[in-house]
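One structure is given below, encoded as structure tokens.
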Amino acid sequence: MKEILSNIWVKRFMSLFSGLYAFGACFLCYCSLFYNVEISSPNSMCLLISVLSAVFLVFMIYTRKQLITRIASFVILPAMLPVVLFYFGEWKLIIPFVATGMIIFLFSGAGEGVKTTLGTIILLLYIFGSLGYFLITSFFVTASKTETVESGVSPSGKYRYSVVNTQDSSNGSTAVYVEPNDADISLPKFYITFRINNFDRIVYLERPLTKNIKVEWTEQSREEITEQLNKISDHIVLHLTEEQLEILGYTYEEKLMITDLEFEDCQFLGIEQNTKTEVFLDELDAQQLEHFNIARDGTGYYVLSPDEDFIKSAHAKEGERIYLKNLKSGLLEKLYVEKDDSVLLNELTDEQLAELGVPEKGDVMTFNGQVCFRYYVAVLDNYFDVENKKIELF
């Protein structure tokens, strides 16, 4: 048994558990940045994590001189800093990780000089990080009192809502928030649920504060909502991404247009200045394109006579054709060219809406008899882009 435990390959293999524990601390760090934490049974969770931390600590001390364990011992405490700040007060979750991190850091196989230097850096990170966080959040705290008077989940379970009354110096307000209900991380075996943060969207706001609250959810089809929206206005504009425009069959060149037309430009094009402020490139012939220093070949539109500064900014070579599709928006603006990302709703068929990702049926919310949320609009406007999370301190 002693020979097995002293075997270097056994130690290297067991050091993987150190990396696994450090990964757990990093995962908790990630969740603290983008999720709120809910613990269903704090005592059970604390006991479970404490036992697991003790087991992993044994493995880490046993392999303390291995490279993976040394790296893990330096990662755990810095990774726990955001957890301490954003989950402040959840000590039954925080203490086992921090205690384990401190013990393995002190017993790490790294040299004393390295531990002293890194320990000082980590300590300063905690001091200045905590001080900065609490100062910033204190300065931006508003003098208002909020109360959640109602909350729930939509019939499909895809969205959750909350009605929040805010009391302030302006007679208060009532706001309805909607956020995704299918983007959380649930760890039932650890009694923990991470609720996604910073994706709540105000779909209704009323001033002054109202006490009459009636929230209703219904299910409506895609065709029904399209008909309702087109009755409200036949000029509803959707702003789509490049990927969505490609799905609808639009090419890059088809959506390019000249903007900020001046009087001389309108005269040259034979249009009245007050009727148009932009014109699509596809509507212009070669002579008209030349007027705007643009030409076209089989590859696409390109700059006809770029100056030296423009060539340098485009990272192109002298004599090389600079195609508009390869330019960033800043350089396109110098040519008064923009890409139009808009499409009229009444020009889209039901099949095209389905291709854009709008489900056949979904949730619609009314607040005091007024429609304030449609799943249809949330999908098209990408209300809840959970792939692009953001951090908000206040």
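Helix screen, the chain: DSSP H segments with Cα axial length of 24 Å or more and mean Kyte-Doolittle hydropathy at least 1.6 are 16-34, 42-62, 67-86. With Cα atoms as the point set, the radius of gyration and Dmax of region 60-133 evaluate to 12.7, 37 Å.
Entry for the chain at q = 0.12, 0.13, 0.14 Å⁻¹: log10 I(q)/I(0) = -1.08, -1.11, -1.16, Debye formula applied to identical alpha-carbon scatterers, no solvent contribution. Checking the a/c ratio against 1.5 first, then a/b against b/c, what shape does the Cα gyration tensor give for region 9-54? It comes out oblate by the Cα gyration axes. Taking a ≥ b ≥ c as the square roots of the eigenvalues of the Cα gyration tensor of region 202-261, is the shape rounded (a/c under 1.5), prolate (a/b larger than b/c) or oblate? The shape class here is prolate.
Given R0 = 41 Å, the distance between the Cβ atoms of Glu338 and Glu216 translates into a calculated FRET efficiency of 0.50.
Each stretch of four or more DSSP H residues adds -39500 (n - 2.57); spread over every residue of the chain, this sum gives -13000 deg cm²/dmol at 222 nm.
Working value for region 243-391: equivalent-ellipsoid semi-axes of 37, 20, 15 Å, each the square root of 5 times a Cα gyration tensor eigenvalue, largest first.
Projecting the Cα atoms of Phe13, Thr148, Leu81 onto the charge dipole of the chain (Cβ charges, centred on the Cα centre) puts Phe13 farthest toward the positive pole. For Thr366, the accessible surface of its heavy atoms amounts to roughly 20 Å² (probe 1.4 Å, protein chains only, rounded to the nearest 10). Peptides 120-133, 10-23 ordered by packing proxy, namely the average of other Cβ atoms within 10 Å per residue, highest first: 10-23, 120-133. Ordering His291, Phe263, Val237 by the projection of their Cα atoms onto the charge dipole of region 176-293, which places +1 on the Cβ of Lys and Arg and -1 on the Cβ of Asp and Glu, puts Val237 at the extreme positive end.
Once the GluC sites (Glu not before Pro) in DSSP loops with at most 13 neighbouring Cβ atoms within 10 Å are cut out of the chain, the longest remaining piece is 1-261.
Annotation: per residue accessible area for the chain equals 59 Å², rounded to a whole number [probe 1.4 Å, protein chains only]. Once both labels are positioned 7 Å from their Cα atoms along Cα-to-Cβ, the gap between Ser6 and Asn198 label points is 5.3 nm.
Accessible surface ranking for Thr116, Thr241, Thr174, Thr193, 1.4 angstrom probe, highest first: Thr116, Thr241, Thr193, Thr174.
Counted by Cβ distance under 12 Å from Gly369, the other residues give a net charge of 0, where Lys and Arg count +1 and Asp and Glu count -1.
Protein-only accessible surface at a 1.4 angstrom probe places the residues Val75, Val215 in the order Val75, Val215, largest first.
Residues Ile185, Ile247, Ile258 ordered from highest to lowest accessible area at a 1.4 Å probe: Ile247, Ile185, Ile258.
The values are calculated or read from the model by the stated rules, or taken from the named source; none is laboratory data. If you're wondering where the values come from, they're calculated on a predicted model, not measured in any experiment. As a convention, Cβ positions derive from the backbone with ideal geometry for all residues, glycine included, and neighbour counts pool all protein chains shown. The area values use the complete protein model at the heavy-atom level, side chains included, leaving out ligands, DNA and RNA. Shrake-Rupley method; radii C 1.70, N 1.55, O 1.52, S 1.80 Å.
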